[in-house]
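Structure first, commentary second.
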Amino acid sequence: MSVVTTQMHGDIAVVTIDNPPVNAASQAVRQGLMNALMATEKSKPAAVVLTCAGRTFVAGADIREFDKPFLEPGLPELLNAIESATRPWIAAIHGTALGGGCELALACSHRIGAATAKIGLPEVNLGLIPGAGGTVRLPRLIDPIDAARLAITGKPIGAREATKLGLFDAIAEGDLLEAAVELAKDAADKPMRAPLLTRAAPEVDQATWDAAISKLTAKARGQNSPHEAAAAVRDALDHDGPAALKLERERFMRLKGSPQSAALRYIFFAERTVGKSPRTKGVAPRPLAQIGIIGGGTMGAGIAAAALLSGLKVQMIERNQDAANAGAARVEGILGGSLKRGLITEAKHDALHANFEAASDYAELGEADLVIEAVFEDMDVKKEVFAALEAACKPEAVLATNTSYLDINEIAASVKDPSRVVGLHFFSPAHIMKLLEIVVPEALADDVLATAIQFAKIVRKLPVLAGVCDGFIANRIMSSYRREADYLLEDGALPYEVDAAMRNFGMPMGIFEMQDLAGLDIGWAARKRRAATRPASERYVDIPDRICKQGNFGRKTGRGWYLYDDGKPTRDPEVEALIISESARKGITRKKFTEEELMARILGCMQNEGAAILSEGIAASREDIDVTMVNAFGFPRWKGGPMFMKGA
Ligand code: 3H9
């Protein structure tokens, strides 16, 4: 059956695209639409409604076709043809009209959205710009600076804003198709609207434009596409429609072949591939409605908030009622923040509270389907918690630990049924960070793994599966390049030089700034813990320990790798003198590094550790490592990740 069908509703033709999962504008969809257009141009219905089956309107061009030979008809030609139709075309939008889907809607003469619909131009996130008229038609329909915002940020907008901006003609409060048919009847009785491509571009004052664009592109860092999107919208204002369309197409084609777009497309699909395991195919997860959280510190409260915001019931347990109250206050801090920022309504906020309890008695966990402990990182403490959980929880409840580095096989072995124990390693702040490492101990049951993956989906996290080792994927790689950064200090670099190299590479912050933010005492504790097992032959840099011994733990003490006067980091001459004296003490002749040399050492280290993690089976694929690095540490998406860069 064709992916595009046409049915008559009275004298209105309803053209339906049905191309699951997201109605991407594949060749079959484009051809089907071209056929529907030719047929309706011939049969001359009063008007045409364009709608989609399934969960969404067209979510864009079919990205999987981008690396294959081009197949006619092209989307730009199809959209020009639709825009030139002699009857009104009404786009009836539900779900997300994104990229080529938004452009398809713009080629229609009218647009009506479901109240929950979203529309946008996210091509920048794939290292692209809209390539089928989005940057040309949109600023001819809505305020050009709003059009530029959509193209530059890639952020979709909701139906209300789309209507306010003039992108939607109306919102369907009831049935979308019925409302679209009514709008079509109305449009059929009125003169045809002039195609957007034929309209003159509005004038925008240059200074206003420049100020808006520099604000909108400020967050792009090393990514090209937001700047290219801004330039394309500017072109659209400076040229007539057809000429601007040609320029947009050239820009799109150039970007499609660019390394940044290849990297961003890779990471787009990688994020959708990770978190799948052949072990869970056809395996039903256990029920998940009531979650237990042990520990109401920053991590426990963040996990609790993430679970609550996703509709789960949460029972928090702390060692006494005072601690439970403090944990509850932390959870309220997060929920209250969401309320203040308008992310949830007052009613939702109250409903979330009704789903939350904090207590000190493990007996409250009798109904919990999954319990996640986020207590102090100490093996004996963890084992005590798991013994208490085993006694209090129903036998089928999944028991999870949020440990960042402890041996989860050992934790699992401490309970009677180790197959129910899994690692759920969140990143702080847990209600915000997308990544969730699901750590798979040896004895884990398949349906417990399926439950952990299901839980990640419910709380809208990006799950990456990792084997048991010190630091799993994320922290193991980070420890390794942090060590390399310490070697660089002894070899001749200074912290601010390493940090600048990392930032200019595209990381949000350098490794020394990051440690100052997290607290140097965390790494110090880990080094002390490992001291007994560290091979004597291993190169060891004493500088961070010496800084810690002075009680300087980073931002929180006003001093760490940097000095913090008024909260702003400045170079610390004492730290730099310490570094230089340590090089001398070890007989190392300090060398001046270029930024490229510094980054080559750090990146090389990430890649070597990544390769070791792969060969040991801790990660199943390079995608697991790259998705982890991008989402845990802000490795620049537009570089794909260390393993993608290596071509591994
Ligand atoms: C573009 O339009 C260029 C034009 O301007 C010019 C052209 C000339 N193509 O994310 P999900 C797959 S560029 C192919 O898990 P959700 C996805 O891989 C495009 N496949 O669902 C996954 O497959 P699988 C601009 C696609 O509900 C499945 O669909 N558009 C595409 O969480 C489900 O995806 C975009 O950038 C695609 N375009 O989120 C939008 N999109 O099941 C990209 C998705 O095998 N898409 N798939 O793993 C999205 O943002 C989200 O997928 C969406 C749904 C919000 C739509």
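The values are calculated or read from the model by the stated rules, or taken from the named source; none is laboratory data. Keep in mind that what you see is a predicted model, and the values were worked out from it rather than measured. Because the Cβ atoms are built from the backbone with ideal geometry, glycine has one as well, and the counts that use them run over all protein chains shown. For the accessible areas, the whole protein counts, side chains as well, though only heavy atoms, and no ligand, DNA or RNA atoms are used. Shrake-Rupley method; radii C 1.70, N 1.55, O 1.52, S 1.80 Å.
Given the options ASP446, ASP407, name the one that is open to solvent by 10 Å² or more (accessible area, probe 1.4 Å), touching a helix residue (DSSP H, G or I) at 6+ places or on another chain (Cβ under 6 Å) and in contact (Cβ under 8 Å) with a residue 40 or more places away in the chain.
After ruling out the rest, the residue left standing is ASP446.
Scan the range 158-181 and give yes if some residue there is under 29 Å from the mean Cα position of the chain (by Cα), within 13 Å of the ligand (Cβ to nearest atom) and not charged (D, E, K, R), otherwise no.
Checked against the condition, which is being under 29 Å from the mean Cα position of the chain (by Cα), within 13 Å of the ligand (Cβ to nearest atom) and not charged (D, E, K, R), the range 158-181 yields no hits at all.
Checking the structure you have, find out if any residue of the range 184-200 is outside any loop (DSSP other than H, G, I, E, B) and among the charged types (D, E, K, R).
yes
Sort out which residues of the range 556-583 are touching a strand residue (DSSP E or B) at 6+ places or on another chain (Cβ under 7 Å) and free of Cβ contacts under 8 Å to residues at least 24 places away in the same chain, and write them in order of number.
GLY558, LEU563, THR570, ASP572
Could you identify the single residue in ILE588, ILE618 that is in a loop (DSSP other than H, G, I, E, B), under 25 Å from VAL439 (Cβ atoms) and either in contact with a helix residue (DSSP H, G or I) (Cβ under 7 Å, 6 or more places away or on another chain) or modelled with pLDDT of 95 or more (or both)?
Numbers: ILE588 fails: under 25 Å from VAL439 (Cβ atoms).
Being in a loop (DSSP other than H, G, I, E, B), under 25 Å from VAL439 (Cβ atoms) and either in contact with a helix residue (DSSP H, G or I) (Cβ under 7 Å, 6 or more places away or on another chain) or modelled with pLDDT of 95 or more (or both) holds for just one of ILE588, ILE618, which is ILE618.
Restricting the search to the range 1-24, which residues are assigned to a strand (DSSP E or B), closer than 12 Å to VAL58 by Cβ, open to solvent by 10 Å² or more (accessible area, probe 1.4 Å) and of a type outside the set (Ser, Thr, Tyr)?
VAL4 - this is the single residue of the range 1-24 that is assigned to a strand (DSSP E or B), closer than 12 Å to VAL58 by Cβ, open to solvent by 10 Å² or more (accessible area, probe 1.4 Å) and of a type outside the set (Ser, Thr, Tyr).
So which residues in the range 26-71 are among the β-branched types (Val, Ile, Thr), within 35 Å of the chain's Cα centre (by Cα) and either more than 12 Å from the ligand (Cβ to nearest atom) or assigned to a loop (DSSP other than H, G, I, E, B) (or both), if there are any at all?
Result: VAL49, THR51, THR56, VAL58.
Exactly one condition in (1) under 26 Å from the mean Cα position of the chain (by Cα); (2) within 16 Å of the ligand (Cβ to nearest atom); (3) assigned to a helix (DSSP H, G or I) is false for ALA212; which is it?
Every condition holds for ALA212 apart from (2).
Being of a type in the set (D, E, K, R) and more than 12 Å from the ligand (Cβ to nearest atom) is the filter here; which residues of the range 104-136 pass it?
To start, the set of residues in the range 104-136 that are of a type in the set (D, E, K, R) comprises 111, 118, 123.
Within the range 104-136, just ARG111 meets the criteria.
Going through the range 72-103 one residue at a time, which ones are within 12 Å of the ligand (Cβ to nearest atom), outside any strand (DSSP E or B) and out of contact with any Leu (no Cβ under 9 Å at 6 or more places or on another chain)?
Answer for the range 72-103, where residues must be within 12 Å of the ligand (Cβ to nearest atom), outside any strand (DSSP E or B) and out of contact with any Leu (no Cβ under 9 Å at 6 or more places or on another chain): GLY74, GLU77, GLY95, GLY101.
From the list ARG503, ARG527, which one is open to solvent by 60 Å² or more (accessible area, probe 1.4 Å), outside the structural domain of GLN223 (by TED's automatic domain parsing) and assigned to a helix (DSSP H, G or I)?
Answer to the selection: ARG503.
What do you reckon, is ILE152 in a loop (DSSP other than H, G, I, E, B) and either among the β-branched types (Val, Ile, Thr) or within 16 Å of the ligand (Cβ to nearest atom) (or both)?
no
Checking GLU373 against (1) surrounded by fewer than 23 Cβ atoms within 10 Å (Cβ to Cβ); (2) under 23 Å from ARG530 (Cβ atoms), only one condition comes out false. Which one?
GLU373 satisfies all of (1) surrounded by fewer than 23 Cβ atoms within 10 Å (Cβ to Cβ); (2) under 23 Å from ARG530 (Cβ atoms) except (1).
Looking only at the range 155-176, count how many residues are acidic (Asp, Glu) and outside any loop (DSSP other than H, G, I, E, B).
1
Filter the range 194-217 for residues that are within 18 Å of CYS102 (Cβ to Cβ) and open to solvent by 70 Å² or more (accessible area, probe 1.4 Å) and give the result.
ARG199
What is the number of the single condition among (1) among the small types (Gly, Ala, Ser); (2) closer than 25 Å to GLY241 by Cα; (3) in a helix (DSSP H, G or I) that ALA179 does not meet?
Unmet condition: (2).
Using beta carbons and a limit of 7 Å, which pairs, at least six apart or on different chains, have the first residue in the range 467-490 and on the phi < 0 side of the Ramachandran plot and assigned to a helix (DSSP H, G or I) and the second one basic (Lys, Arg) and open to solvent by 10 Å² or more (accessible area, probe 1.4 Å)?
GLU484/ARG601; TYR487/ARG539; LEU488/ARG601; GLU490/LYS586
Each row is one residue, and each column tells you yes or no for (1) in contact with a Ser or Thr (Cβ under 6 Å, 6 or more places away or on another chain); (2) within 23 Å of LEU444 (Cβ to Cβ); (3) surrounded by 14 or more Cβ atoms within 10 Å (Cβ to Cβ).
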position: ALA363; (1), (2), (3): no, no, no
position: ASP378; (1), (2), (3): no, yes, no
position: ALA392; (1), (2), (3): no, yes, yes
position: VAL398; (1), (2), (3): yes, yes, yes
position: THR403; (1), (2), (3): no, yes, yes
position: VAL422; (1), (2), (3): no, yes, yes
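Which residues, counting only those in the range 235-272, are in contact (Cβ under 8 Å) with a residue 60 or more places away in the chain, more than 13 Å from the ligand (Cβ to nearest atom) and more than 11 Å from GLY127 (Cβ to Cβ)?
Hits for the range 235-272 are ASP235, ALA236, LEU237, GLY241, ALA244.
Would you say VAL440 is touching an Asp or Glu at 6+ places or on another chain (Cβ under 8 Å), of a type in the set (Val, Ile, Thr) and open to solvent by 10 Å² or more (accessible area, probe 1.4 Å)?
Taking the combined requirement at face value, the residue does not satisfy it.
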